[in-house]
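Quick notes on the structure that follows.
The values are calculated or read from the model by the stated rules, or taken from the named source; none is laboratory data. Computed from a predicted model, the values in this text were never measured in an experiment. Protein only, heavy atoms only, side chains kept; ligands, DNA and RNA dropped before computing areas. Shrake-Rupley method; radii C 1.70, N 1.55, O 1.52, S 1.80 Å.
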Amino acid sequence: MLIWNFLLMLLFQIPQAPVQPVATPQAAGQTVIVGLDDGMKVTLVNPEFAGFIDGRSGDAVLMYRERNFHGEMPLKTISRIEFGPYRKGKPFHMKVTLRNGEQLDVESERRDFVEIKGKSEFGTVTIKHPDPVSAPVNLATRKPSRKKDLTIQYLEIPAS
């Protein structure tokens, strides 16, 4: 009888569902909102940067110059970067808004492009600014104009 009760108890047990961890903004990592020229916004989680912004997520830095001053500014201190027009062979002009509300007009240092790679609602995404691949491919004897290849209008870096 004892064995029979034990078998019935095992048969009628309801398995518990596994506990799913709740994703919090801190657990998700740093996010960057990329505002594209066509008006679309893409939110990237744990972005990796290359170009005049270089590094991963919270450790990334903006390499800039302001007149004769050259520096690196951690992205943690920036809330928004607005990109100016592209001029061939010239650095990008940017309006940088710091977390304390101060605005700086700076130029990119050394490199004239930025590339952002991260996870979004679309999967893993790579965005280049300017994007040399977006223009139709054609053979020419001179360098292509990248003015029409611009993709990013601004970057927003929410506080984490």
message: Residue by residue through the range 35-47, what is 3J(HN,Hα) from phi via Karplus (6.51 cos²θ - 1.76 cosθ + 1.60, θ = phi - 60°)? Round to whole Hz and write x for glycine and proline.
response: x, 8, 4, 7, x, 6, 10, 10, 9, 10, 9, 6, x
query: Over the range 22-127, what is the mean sequence separation of C-alpha contacts under 8 Å (at least six apart), divided by residue count, expressed as relative contact order in percent?
result: 24
- line: For the range 32-124, the convex hull over Cα atoms projects on average to an area in nm² of 6.3
query: Using a 1.4 angstrom probe and counting only protein chains, how large is the accessible area of PHE122 in Å², to 10?
result: 130
message: Under 15 Å between alpha carbons, and skipping anything fewer than 8 positions from LYS88 in its own chain: which aspartates and glutamates qualify?
response: GLU107, GLU109, ASP112, ASP131, ASP149
³J(HN,Hα), Karplus 6.51/-1.76/1.60, whole Hz, each residue of the range 53-63, x for Gly, Pro: 10, 9, x, 10, 6, x, 8, 6, 10, 9, 8
- request: Would you kindly state how much longer the chain becomes between ILE3 and THR126 on full extension, computed as 0.36 nm times their sequence separation minus their alpha carbon distance, in nm to one decimal?
  value: 38.1 nm
query: What list of ³J(HN,Hα) couplings, whole Hz, do you get for the range 75-83 from phi and the Karplus terms 6.51, -1.76, 1.60, once you set θ to phi - 60° and write x for glycine and proline?
result: 5, 4, 8, 10, 9, 7, 10, 10, 8
